[in-house]
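The values are calculated or read from the model by the stated rules, or taken from the named source; none is laboratory data. The shown structure was predicted, so the numbers you read here are calculated from the model rather than taken from an experiment. FYI the Cβ positions are ideal-geometry reconstructions off the backbone, even for glycines, and counts take in every protein chain you see. Quick note on the areas: whole protein, heavy atoms, side chains included, nothing else; ligands and nucleic acids left out. Shrake-Rupley method; radii C 1.70, N 1.55, O 1.52, S 1.80 Å.
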Amino acid sequence: MALEESGETAKALREFLAVLVLDPDHEAALRRVKNWKTGKTGKNGVAWAGSRSWTVREGDTLRKIAGEAYRDPDKEFLIAYFNRVSTGSPLSIGTELQLPDVDTGSSKAVEKGPAYSSPDKEGQDLRNAAQRKEDAERKLREADAHYAAGMRRFLAEDLDGAILEWGKALSLDPSHPKARRDIEKARRLKGKIEQK
C-alpha cells in the first residue's frame, strides 16, 4: 500500500501478487490486482502498468511462456491468474493470453528481460516464503501430535512421559496454550505425589 501511495505502482503490483501467491484469498491484495487488471488507477491517479497479448503456439505451456516473457518460468502463476486458467491445464493453440507487465518501464522492457532487478531472487523469495509457511504449519501439527501423545500418557498415569511430550510440543510451538498449562499442572501433581 505504501508503494502504491508513493506512486511506485509496478512495485506495489509485484508485492500484491506476492501476497496472492501465499494467500490467494487475501481481499485487499485481490482488490488491488483486480483494479489494476481493469485499468483503474492508483490513489495518486497513476495508472497501473499495462499488459501485452501472447498467442499460444504449438508446445507452449504457461511455464514456457513465463520463461520467455519474464525470463522466469516460476512466474507462470501471473499468467494463470490473469487469464483465469490453472497452471497445469493444457493451452489451445491460437488462444490469446494477456501477459501482465509488472515492470516499471514499458511493456517492451519485459520482452528485453532485465526488467526485474533480479527475477531469480524474487522467485526464490516467494518460494522461500511459501516454504517457511509450510514449515511453520508442519511444526504446529507436530506440536499438536506431541500434545495429544502427552494427554494419552497423562491418562495412563505416566506423568514423566506426559511432561516429556508436552515439553516437545512447547519446543515446537512455544505459545501452545494447552501444553504450557498442562505441563505446569502435571509438574505440580508430580511434586505433590513425591511429597507423600
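Overview of values
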item: Within the range 180-194, tally of residues that are charged (D, E, K, R), surrounded by 13 or more Cβ atoms within 10 Å (Cβ to Cβ) and under 28 Å from Asp135 (Cβ atoms); result: 2
item: Hits in the range 126-140 (condition: in contact (Cβ under 8 Å) with a residue 24 or more places away in the chain and open to solvent by 60 Å² or more (accessible area, probe 1.4 Å)); result: Arg127, Lys133, Lys139, Leu140
item: Residues of the range 54-84 satisfying the condition of being at pLDDT 85 or above and over 24 Å from Lys11 (Cβ atoms); result: Thr55, Val56, Arg57, Glu58, Gly59, Asp60, Thr61, Arg63, Lys64
item: Of all residues in the range 8-22 being within 18 Å of Arg127 (Cβ to Cβ) and out of contact with any Lys or Arg (no Cβ under 8 Å at 6 or more places or on another chain), the one that is modelled with the lowest pLDDT; result: Val21
item: Filtered residues of the range 141-179 (kept if among the acidic types (Asp, Glu) and open to solvent by 80 Å² or more (accessible area, probe 1.4 Å)); result: Asp144, Glu157, Asp160
